[in-house]
Amino acid sequence: VVPQSPAESFDVFVKELGWELERKKNILFEKRVGGSITEGREIVGKISSFIRGRELEFEWNPIGWRKGGKFRLRIIFAKDHGGKLIALTTENFEAQFDNAKKEEQTAWFSTQVAGQIIASMGMAEFGDWITNRRARRPIGEAARETYRNPVYHRPNFMAILEVLGLSSVDCLIEIGCGGGASLNEALKSGCRAAAVDHSPEMMLLAKEVNSEAVTNGRLDVKLAQADSLPFPDTTFTCAVMTGVFGILIRPEAALSEISSVLKDDGRLVMFTSTKELRGTPTAPEPMASRLRFYEDHELVEMAKKSGFSAARVERPELARFARKAGEIPEEAIDLFSGRQGQLLIAQKQRDRQRPS
Ligand SMILES: C[S@@+](CC[C@H](N)C(=O)[O-])C[C@H]1O[C@@H](n2cnc3c(N)ncnc32)[C@H](O)[C@@H]1O
């Protein structure tokens, strides 16, 4: 039972299911009646019913090495419980099992259905799921609302911009721009900018939040990975990244890529949370325990290995920036008192070639 009307829950269900199956299982389905279901390159079935707010039905072709024939999974957005019930039923899937071994159906249900649901409710998987939606690749209404105006990230943006000292001659790149709020601040300097994020929803939100700059050709936002930036070498005078580094799986590859797209002497200013910020609105749970925190010297060493010559870390007091940011309530500002963020400030090594 979900707290949405059948039409609303149908839309969310179909969109999220589509992304999840494609990303994790390489299964794609066309969102229309008669649309194909493909697994890898093979067509494995079709969408036999697609009625918004009523039902979605997957009709699967027989599994090649089983005799059972076609089978179906129907997802019903039912009228029960005030129209908020989602029910799943199967038809003929039982024919895929070997009847002689009666325990198999129960075993499948136990491991592949109940087991998956139970694991998804545990602290580890549920925390991971929330971290994915809120930080690693933000998706959904709550993430869009947060990143449209990330109040508790604004002190970090201000700390970066104070050091960066942007002007109208700058051409900035932001990596992992989220909903584009820090770009919005940066563009006030008159600079030109580009940004990447690997979340399609964040990429769109960043464009929407900065629509005027996009229309005027001052801002280009692309869907891309931090370690594969879709821009020619030596394009930008400066780069920023905030709230991203501790999430990255290949942080050095990202630094090296950033260095490549910077001009000689181009500067990088990057904000990361420190261990002391764990549990504050800057690094809340369950994200905080899934972030990698770096020591200052580790950041400096990584930058130097990845194409930056000068590199140092400053530790700005966040309470000052939290006050300056304006929207943070006084009692929350106390949370920042005495706690510092970490700013990596680096300059690209001259004449550096992009690694092949
Ligand atoms: C915690 S959010 C921070 C967003 C924004 N910088 C801010 O401070 O409000 C992390 C962002 O980095 C993006 N991100 C994470 N890993 C990435 C990667 N490998 N390549 C590109 N973007 C990435 C996520 O999609 C998300 O929008």
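Could you check the stretch 303-332 and list, in sequence order, the residues that are within 26 Å of T282 (Cα to Cα), modelled with pLDDT of 85 or more, outside any loop (DSSP other than H, G, I, E, B) and open to solvent by less than 90 Å² (accessible area, probe 1.4 Å)? Scanning the stretch 303-332 gives A303, A311, V313, E314, E317, L318, A319, F321, A322. Mind checking whether some residue in the stretch 29-40 is in contact with a strand residue (DSSP E or B) (Cβ under 8 Å, 6 or more places away or on another chain), open to solvent by 70 Å² or more (accessible area, probe 1.4 Å), closer than 21 Å to I139 by Cα and of a type in the set (A, V, I, L, M, F, W, C)? There is no residue in the stretch 29-40 that is in contact with a strand residue (DSSP E or B) (Cβ under 8 Å, 6 or more places away or on another chain), open to solvent by 70 Å² or more (accessible area, probe 1.4 Å), closer than 21 Å to I139 by Cα and of a type in the set (A, V, I, L, M, F, W, C). Across the stretch 72-104, the qualifying residues are those that are surrounded by 13 or more Cβ atoms within 10 Å (Cβ to Cβ) and touching a residue at least 60 places away in the same chain (Cβ under 8 Å), and the one among them that is nearest to L56 (Cα to Cα) is I75. Is it true that R154 is in contact with a helix residue (DSSP H, G or I) (Cβ under 9 Å, 6 or more places away or on another chain), at pLDDT 95 or above, within 15 Å of the ligand (Cβ to nearest atom) and among the basic types (K, R)? No: the conditions fail for R154. In summary, helices (runs of 4 or more DSSP H) completely within the stretch 61-135 and bearing 3 or more residues that are of a type outside the set (A, V, I, L, M, F, W, C) and under 26 Å from V2 (Cα atoms) occur at 80-83, 115-121, 123-131. Among the numbered conditions (1) farther than 22 Å from F97 by Cβ; (2) buried (at least 18 other Cβ atoms within 10 Å of the Cβ), the only one that E16 does not meet is (2). Read through the list (1) within 11 Å of the ligand (Cβ to nearest atom); (2) of a type outside the set (S, T, N, Q); (3) part of a helix (DSSP H, G or I), then give the number of the only condition that I139 fails. The number of the failed condition is (3). Which residue pairs have Cβ atoms closer than 8 Å, lie 6 or more positions apart in sequence or on different chains, and pair a first residue in the stretch 1-15 that is closer than 12 Å to K79 by Cβ with a second residue that is in a helix (DSSP H, G or I)? Matching pairs, first to second residue: S5/G83; P6/G83. Pairs meeting the criteria (first residue in the stretch 163-186 and more than 7 Å from the ligand (Cβ to nearest atom), second residue acidic (D, E), beta carbons under 6 Å, at least 6 apart or on different chains) are L183/E174. Residue selection: R218 fails the criterion of being in contact with a helix residue (DSSP H, G or I) (Cβ under 9 Å, 6 or more places away or on another chain), buried (at least 20 other Cβ atoms within 10 Å of the Cβ) and farther than 30 Å from S9 by Cβ.
Each row is one residue, and each column tells you yes or no for (1) under 23 Å from E314 (Cβ atoms); (2) open to solvent by 60 Å² or more (accessible area, probe 1.4 Å); (3) touching a strand residue (DSSP E or B) at 6+ places or on another chain (Cβ under 9 Å).
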{"position": "A181", "(1), (2), (3)": "yes, no, no"}
{"position": "A206", "(1), (2), (3)": "no, no, yes"}
{"position": "V240", "(1), (2), (3)": "yes, no, yes"}
{"position": "V244", "(1), (2), (3)": "yes, no, yes"}
{"position": "E257", "(1), (2), (3)": "no, no, yes"}
{"position": "E285", "(1), (2), (3)": "no, yes, yes"}
{"position": "L291", "(1), (2), (3)": "yes, no, yes"}
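Looking across the stretch 260-279, just one residue is within 15 Å of the ligand (Cβ to nearest atom) and either free of Cβ contacts under 8 Å to residues at least 60 places away in the same chain or open to solvent by 60 Å² or more (accessible area, probe 1.4 Å) (or both), and that is R278. Out of curiosity, is P62 open to solvent by 40 Å² or more (accessible area, probe 1.4 Å) and closer than 30 Å to E141 by Cβ? Taking the combined requirement at face value, the residue does not satisfy it.
The values are calculated or read from the model by the stated rules, or taken from the named source; none is laboratory data. Bear in mind that the values here come from a model prediction, so they are computed numbers and not experimental data. No Cβ is skipped: glycine too gets one built from the backbone with ideal geometry, and neighbour counts run over all protein chains shown. Calculation scope for accessible area: heavy atoms of the full protein, side chains included, ligands and nucleic acids excluded. Shrake-Rupley method; radii C 1.70, N 1.55, O 1.52, S 1.80 Å.
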